[in-house]
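Written out below as structure tokens is the structure these notes cover.
The values are calculated or read from the model by the stated rules, or taken from the named source; none is laboratory data. It should be emphasised that the depicted structure is a prediction, and the values quoted were computed from it without experimental measurement. For neighbour counting, all protein chains shown are included, and Cβ atoms are generated from backbone atoms with ideal geometry for every residue, glycine included.
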Amino acid sequence: MFYNIKEVEAQGSKFTGVHSMQIKDLLQSLVDDGLVNAEKCGVTTLYWCFEYDKHKKMKILVEKSAEKLGVVNNDIKKITEKIEIEKAKRTKGNSQEMLKQIDSLRKQKQSLAEKMSSSAFDMDRVDSIKKELQDEISNGEICTDNIESLIYYFQKNNGINRGVFKQELNIPEEFKDFPNLDEVFAKLT
């Protein structure tokens, strides 16, 4: 059965005891919620609600809820499978195996540390080698100074050109500088 707004206001206030001015607002909220259908025909608006519409809406709601439930159950199943996989990875035997592997690696580390300490630099030995090298560098510097002094002496006393003298004796124009051992050893340590 179809009703217009005047009929709904009259019947609604009669059966519910709600003032007829509030019926229009209540009716509009029922239309907004989809519980009552409304359609404008000319100047009047007709309102109706069939039992079939209620069942149809309820059926659609149940189907959507069942679909959501299926998705949620599927997600729960996937998560449960992941949990079981992770539990299988964490079995006691697996953890025992990992502990054995850790012990093995610790022993290997200790043996390598002992091997390294036995073959590592002995700082006293390094210092003695450094001193020997420093002495050799000092001797080399004395030799280059002596060569320069001899060249100067021959140039001064015999008038031999410095460049010709160095060329005849295959002496380089400039001697290479000796390395600073402190810098060299600082790079090694």
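Do we find that L27 is out of contact with any Ser or Thr (no Cβ under 9 Å at 6 or more places or on another chain) and surrounded by 13 or more Cβ atoms within 10 Å (Cβ to Cβ) in this structure?
Numbers: out of contact with any Ser or Thr (no Cβ under 9 Å at 6 or more places or on another chain): yes; surrounded by 13 or more Cβ atoms within 10 Å (Cβ to Cβ): yes.
When the stated conditions are applied, L27 passes them.
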Condition (residue is among the aliphatic types (A, V, I, L, M), modelled with pLDDT of 80 or more and part of a strand (DSSP E or B)) applied to segment 26-42: is it met by at least one residue?
yes
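For every residue, the table says whether it meets (1) assigned to a helix (DSSP H, G or I); (2) aromatic (F, W, Y); (3) out of contact with any strand residue (DSSP E or B) (no Cβ under 6 Å at 6 or more places or on another chain).
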{"residue": "L99", "(1), (2), (3)": "yes, no, yes"}
{"residue": "Q108", "(1), (2), (3)": "yes, no, yes"}
{"residue": "A113", "(1), (2), (3)": "yes, no, yes"}
{"residue": "R125", "(1), (2), (3)": "yes, no, yes"}
{"residue": "K131", "(1), (2), (3)": "yes, no, yes"}
{"residue": "F154", "(1), (2), (3)": "yes, yes, yes"}
{"residue": "K176", "(1), (2), (3)": "no, no, yes"}
{"residue": "V184", "(1), (2), (3)": "yes, no, yes"}
Would you confirm, using the coordinates I've provided, whether E148 is surrounded by 10 or more Cβ atoms within 10 Å (Cβ to Cβ), among the charged types (D, E, K, R) and more than 60 Å from the chain's Cα centre (by Cα)?
yes
Of the residues in segment 152-182, those that are within 30 Å of K130 (Cβ to Cβ) and more than 60 Å from the chain's Cα centre (by Cα) come to I171
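Could you pull out the residue among K130, K82, K77 that is touching a residue at least 24 places away in the same chain (Cβ under 8 Å), more than 30 Å from F165 (Cβ to Cβ) and not assigned by the TED database to the domain that holds G34?
Details: K82 fails: touching a residue at least 24 places away in the same chain (Cβ under 8 Å); K77 fails: touching a residue at least 24 places away in the same chain (Cβ under 8 Å).
Exactly one residue qualifies, and that residue is K130.
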